[in-house]
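Every number in this text was worked out from the coordinates using simple rules, so none of it is lab data. Here the structure is a predicted model, which means the values were calculated and not measured. Note: ideal-geometry Cβ built from the backbone for every residue, glycine included; neighbour counts use all protein chains shown.
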Amino acid sequence: MLEATCAPIARKAKCKLECITFSNLVVEAARKVDATILIRGLRDASDFDYEMQMAGMNEAMAAGVQTVFLPASAMVRPITATLVRQIAGMGGDVSAFVPASVAARLKKKLAR
C-alpha cells in the first residue's frame, strides 16, 4: 500500500522507492538492498527521542546509511496505525485518515 501511494511521488523526484519486509536489523536490511537513506516519521517529542537514539545506533553500525526525519503536519499528528485499525475494525469510516486505496483494502480485509 505504501508503494502504491508513494510511487508517483518517487517517480516525480526521480528516486527509487522500494518497500521491503525484514526480520533482522534495519541497517542489515538496508545494506542488503544498497539503501543509503532511512526515512522516519516523527509525530511528537517522544518519537524524536526514540528515533534519535535509534539513528545514533544505526550510524555506529552502518555509517553509510543516513536517517532522515520527516515531521508530521499538525493535521495528521494524532493519527496512528493502531487507531486507524481500531476504528476500521469497529466499522468506522477511516477515509479522513488514510488514502482511499488504503481505506478500501482495510474494509475488504475486515469484511472477511
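Applying the criteria of a DSSP loop state and at most 11 other Cβ atoms within 10 Å to the GluC sites (Glu not before Pro) of region 1-101 yields GLU18.
In this simple spin-label model, placing a label point 7 Å from the Cα along the Cα-to-Cβ direction at both GLN86 and SER73 gives a separation of 2.5 nm.
Among ARG31, ARG11, ARG112, sorting on how many other beta-carbon atoms sit within 10 Å of each Cβ, with the fewest leading, yields ARG112, ARG11, ARG31.
Among the chymotrypsin sites (Phe, Trp or Tyr not before Pro) in region 14-80, those placed in a DSSP loop whose Cβ has at most 13 other Cβ atoms within 10 Å are PHE22. Amide H contacts of LEU38: GLN66, THR67, VAL68, each under 5 Å away and 5 or more positions distant or on a separate chain (H built 1.01 Å from N in the peptide plane; Pro and chain starts excluded).
Each residue of region 90-99 was assigned a 3J(HN,Hα) from its phi angle through the Karplus curve 6.51 cos²θ - 1.76 cosθ + 1.60 (θ = phi - 60°); the sequence is 9, x, x, 8, 9, 4, 7, 10, 9, x Hz, with glycine and proline shown as x. Length available on full extension from MET1 to GLN66: 0.36 nm per residue minus the Cα-Cα distance, which gives 21.0 nm.
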